[in-house]
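Let me begin by presenting the structure, written as structure tokens, before commenting on it.
Coordinate-derived values only; no laboratory data. Worth saying up front: this structure is predicted, and the values here are computed from it rather than measured. Ideal geometry is used to build each Cβ from the backbone, glycine not excepted, and the neighbour counts take in all protein chains shown.
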Amino acid sequence: MKVHEALKWASSFLEERNLEQPVAQILLKHHLQKDLTQLYMAMHDELSEEQHQHFIADIHSYADGTPVQHLTGVEQFYERTFIVNQDVLIPRPETEELVQGVLQRMAKKYSEQTTVKVVDVGTGSGAIAITLALESEKMQVTAVDISEAALTVAKENGTKLGADVTWIHGDLLQPLIRSNDKVDIVVSNPPYIPIGEQETLSPYVSEKEPASALYGGEDGLDFYRRLTDEIPFVTGDHAMVAFEIGAGQGEAVSQLLKDKFPKASVEVVFDINGKDRMVFAEW
């Protein structure tokens with residue numbers, strides 16, 4: 001079978017099932033180890049029997065509910081390639097906006113400092129921590145996760161991408177509290193989906209991504225409550241907090257921060273899709 005024939009078959013197969021047709025192109029690029037331009041140039045090449053069979057198997061796996069990122073083993077974030085698997089949350093484009101927001105505010109707030117200490121809480125694949133470390137030489141980044149399996153993935157990504165990040169196994173900010181470490185910035189994309197919304201999620205999410213990275217209790221706010229209680233123990237007189245949140249949680253999360261830090265300037269920021277997606281607090 002030629003490349004263009006395989007692509008046509010897969011696109012039709014996915015269209016009939018109301019699934020994302022571009023997945024066919026993503027998987028072909030993966031199996032042929034080609035970028036998009038190279039794929040177009042190879043449209044009349046023959047697939048080997050092994051490539052053909054693996055491609056068909058992956059199309060069926062995707063149709064059965066396996067995220068395409070688990071089939072390719074990677075996802076793009078901030079124009080870098082991150083290793084992902086079933087142990088970590090797949091990085092989302094919205095989280096890139098959180099990173100951008102942190103970098104922009106850091107440049108203004110800490111313009112006089114030569115080093116800015118940052119902790120990424122619940123690092124998962126390490127996407128936030130690694131990106132911050134690579135995008136700013138000023139940032140001294142620590143990343144914490146309660147999942148040892150997730151930290152294994154994060155460390156592998158850090159090594160592959162050449163990021164200088166300190167990786168710590170632990171529960172939220174507890175390791176820093178115990179060691180009496182202080183930071184300038186706390187950033188986190190914690191689990192924030194209310195447990196009752198599990199049935200509304202795509203099976204690609206609810207059945208394939210780690211539950212510990214998805215659900216934040218009855219109202220989705222459990223981890224924000226815990227974090228706002230712990231943050232005073234690791235910050236000083238001048239600090240910044242950056243949270244990613246679920247759509248519709250902006251008011252509740254901003255109120256948690258205002259109650260805990262009455263002198264802080266708190267801002268809810270909407271993402272490119274017009275949904276409240278980030279909350280920043282500065283004092």
Using a Förster radius of 35 Å, what is the FRET efficiency between residue 272 and residue 49 based on their Cβ-Cβ separation? Nearest 0.05, please. 0.25
For 153, 268, ascending order of other Cβ atoms within 10 Å (fewest first) is 268, 153
How large are Rg and Dmax for the chain when calculated on the C-alpha trace, in angstrom? 20.8, 66
CD proxy, 222 nm, the chain: helix-only mean residue ellipticity via -39,500 (n - 2.57) per DSSP H run with n ≥ 4, per residue, nearest 500, stands at -12500 deg cm²/dmol
With axes computed from alpha carbons, what is the tilt in degrees of helix 250-260 against the longest principal axis of the chain, rounded to the nearest 10 within 0 to 90? 30
Compute the helix-to-body angle for 3-16: its Cα long axis versus the longest principal axis of the chain, expressed 0 to 90° and rounded to tens. 70
Using Cα positions and a limit of under 29 Å, work out the lysines in reach of residue 8, with same-chain residues fewer than 8 apart set aside. 29, 34, 208
Length gain on complete extension for the stretch residue 16 to residue 35, per 0.36 nm per residue less the alpha carbon to alpha carbon distance? 4.2 nm
Diffing the stretch 269-282: the Karplus 3J(HN,Hα) column from phi (6.51, -1.76, 1.60, θ = phi - 60°), in whole Hz with x for Gly and Pro, holds 10, 8, 8, 5, 8, x, 10, 5, 10, 9, 10, 10, 10, 9
Could you state the angle between the C-alpha long axis of helix 49-63 and the longest principal axis of the C-alpha atoms of the chain, as a value from 0 to 90 degrees rounded to the nearest 10? 50
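Restrict the search to the stretch 36-100; then list the GluC sites (Glu not before Pro) that DSSP places in a loop and that have at most 13 other Cβ atoms within 10 Å of their Cβ.
79
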What is the extension gain from residue 94 to residue 79, computed as 0.36 nm multiplied by their sequence separation minus the C-alpha to C-alpha distance, in nm to one decimal? 4.0 nm
In the P(r) worked out for the stretch 54-193, what percent of Cα pairs fall beyond 22 Å? 40
Quick one: Cα centre-to-centre distance for the stretch 82-96 and the stretch 110-165, in angstrom? 14
